[in-house]
Amino acid sequence: MNYAHPQAPVVLDIAGLALTAADRRRLAHPLTGGLILFARNWQNRLQLTELTAEIKSLRPDMLICVDHEGGRVQRFRSDGFTHLPPMRALGELWLRDALTATDAASAAGYVLGAELRACGVDLSFTPVLDLDHGPSGVIGDRAFHRDARVVTMLAKSLMHG
């Protein structure tokens, strides 16, 4: 059985720092529901803000997304963006002081959200809710902790921020 809905919107990406004519056509398509940005779409805050404003001028309902978690998965790293730690650092802090770790996670979430929102980004694909079960080339230090309860508390705090 195919569970994919034939009319479900898709999230697309673009290749560069600005929209091309082809990008504008694809974004105008009614089945396009969002756009995900990557580091290749970043030059500085002004360029990013102008890009997101143009996207919203074409499609005010367009969901502009980025995978911007902190640590090695932080797409925007300069021009006033705060360097955020990898989520594992918050899990390690939890082992020393759970209250401080949840406060730090909330602060990180606030900074992450405020900085992205100021540039016109609607959604960050964070936090990672994987469990840290040891060395992984994909997950690495992106996971908060091995214990699902700790991951839940830190993720909740990050999202509240």
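The values are calculated or read from the model by the stated rules, or taken from the named source; none is laboratory data. Small disclaimer: the values here were computed from a predicted structure and weren't measured. All Cβ positions, even for glycine, are placed from backbone atoms using ideal geometry, and neighbour counts span all protein chains on display. The area values use the complete protein model at the heavy-atom level, side chains included, leaving out ligands, DNA and RNA. Shrake-Rupley method; radii C 1.70, N 1.55, O 1.52, S 1.80 Å.
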- Spin-label proximity, residue 40 to segment 60-89 - amide N less than 18 Å from point 7 Å beyond Cα toward beta carbon: 65-68, 73-77
- Query: Taking Cα pairs under 8 Å and at least six residues apart, what relative contact order does segment 72-129 come out at, in percent?
  - Reply: 25
- Query: Under the classification rounded if a/c is under 1.5, otherwise prolate if a/b is larger than b/c and oblate if not, where does segment 101-161 fall, given a ≥ b ≥ c as square roots of the Cα gyration tensor eigenvalues?
  - Reply: oblate
- GNM on the chain, C-alpha springs below 10 Å: top fluctuator among 99, 129, 51? 99
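Can you give the charge dipole size of segment 46-161 about its Cα centre, rounded to the nearest 20 debye, using +1 on the beta carbon of Lys and Arg and -1 on the beta carbon of Asp and Glu?
So the dipole magnitude of segment 46-161 works out to roughly 140 debye.
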- GNM on the chain, C-alpha springs below 10 Å: top fluctuator among 16, 34, 120? 16
- Item | Value at 222 nm in deg cm²/dmol, rounded to 500, when DSSP H runs of n ≥ 4 in the chain each add -39,500 (n - 2.57) | -13000 deg cm²/dmol
- Modelled label reach - residue 63, point 7 Å along Cα→Cβ, segment 30-44 residues with backbone N closer than 17 Å: 30-38
- Message: Leaving out ligands and nucleic acids, and using a 1.4 Å probe, what accessible area per residue does the chain come to in Å²?
- Response: 54
- Query: Rounded if a/c is under 1.5, else prolate if a/b beats b/c, else oblate: with a ≥ b ≥ c from the C-alpha gyration tensor eigenvalues square-rooted, which is segment 3-141?
  - Reply: prolate
- Suppose every K and R has +1 on its Cβ and every D and E has -1 on its Cβ; what is the size of the dipole of segment 104-157 about the Cα centre, in Debye to the nearest 20? 140
- Share of segment 35-124's accessible area from carbon and sulfur, percent, 1.4 Å? 59
- Query: Restricting the count to DSSP beta bridges whose residues both fall in the chain, what percent are antiparallel, rounded to a multiple of 5?
  - Reply: 10
- Message: Testing the spin-label approximation: label points 7 Å from Cα along Cα→Cβ at residue 103 and residue 54. State their distance in nm.
- Response: 4.4
- Item | Highest-fluctuation residue, 68, 29, 145 considered, GNM on the chain with Cα pairs under 10 Å | 29
- Please give the length that would be gained between residue 96 and residue 82 if that part of the chain were fully extended, namely 0.36 nm times their separation in residues minus their C-alpha to C-alpha distance (nm, one decimal). 2.6 nm
